């Protein structure tokens, strides 16, 4: 997986651009980087753009990784067009919400940002 994590200070969010495939190890690494950057900046809003992602970890890995996601962050995910990836992300959303993690999937970047910025 190649990814780029940036801070959009203008609107006060972190943005994670995901490209290609995403392995369990790479997702775990990006989560550590996100947690560290959130601590350094005080920003707790994350926009994940997964529209260019080709593959993801297994459904078991999605469960485990989502369960470990920091509860302090509010995360909006832009979903890719591939149906199997959308289903994994929908499962991850359910796992996160069931664990009290503010997490939601979107097709529209503007709607995702509006949701992040809302209360």
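The values are calculated or read from the model by the stated rules, or taken from the named source; none is laboratory data. As the structure is a computational prediction, the values presented were derived from the model and not from experiment. Cβ placement follows ideal geometry from the backbone for every residue including glycine, while neighbour counts extend to all protein chains displayed.
How many of the residues making up region 54-66 are within 13 Å of the chain's Cα centre (by Cα), in a helix (DSSP H, G or I) and farther than 9 Å from residue 101 by Cβ?
2
Quick one: is residue 61 without any contact (Cβ under 8 Å) to a residue 60 or more places away in the chain and in contact with a helix residue (DSSP H, G or I) (Cβ under 7 Å, 6 or more places away or on another chain)?
Spelling it out, residue 61 is indeed without any contact (Cβ under 8 Å) to a residue 60 or more places away in the chain and in contact with a helix residue (DSSP H, G or I) (Cβ under 7 Å, 6 or more places away or on another chain).
Being more than 15 Å from residue 47 (Cβ to Cβ), loosely packed, with under 13 Cβ neighbours inside 10 Å and free of Cβ contacts under 8 Å to residues at least 24 places away in the same chain is the filter here; which residues of region 95-119 pass it?
98, 119 - these are the residues of region 95-119 that are more than 15 Å from residue 47 (Cβ to Cβ), loosely packed, with under 13 Cβ neighbours inside 10 Å and free of Cβ contacts under 8 Å to residues at least 24 places away in the same chain.
Does residue 56 satisfy the condition of being modelled with pLDDT of 95 or more and surrounded by 20 or more Cβ atoms within 10 Å (Cβ to Cβ)?
Spelling it out, it is not the case that residue 56 is modelled with pLDDT of 95 or more and surrounded by 20 or more Cβ atoms within 10 Å (Cβ to Cβ).
If a residue must be out of contact with any helix residue (DSSP H, G or I) (no Cβ under 9 Å at 6 or more places or on another chain) and not in a helix (DSSP H, G or I), how many such residues does region 9-29 contain?
Final tally of qualifying residues: 6.
In this structure, is residue 49 surrounded by fewer than 18 Cβ atoms within 10 Å (Cβ to Cβ) and either in contact (Cβ under 8 Å) with a residue 40 or more places away in the chain or assigned to a strand (DSSP E or B) (or both)?
no
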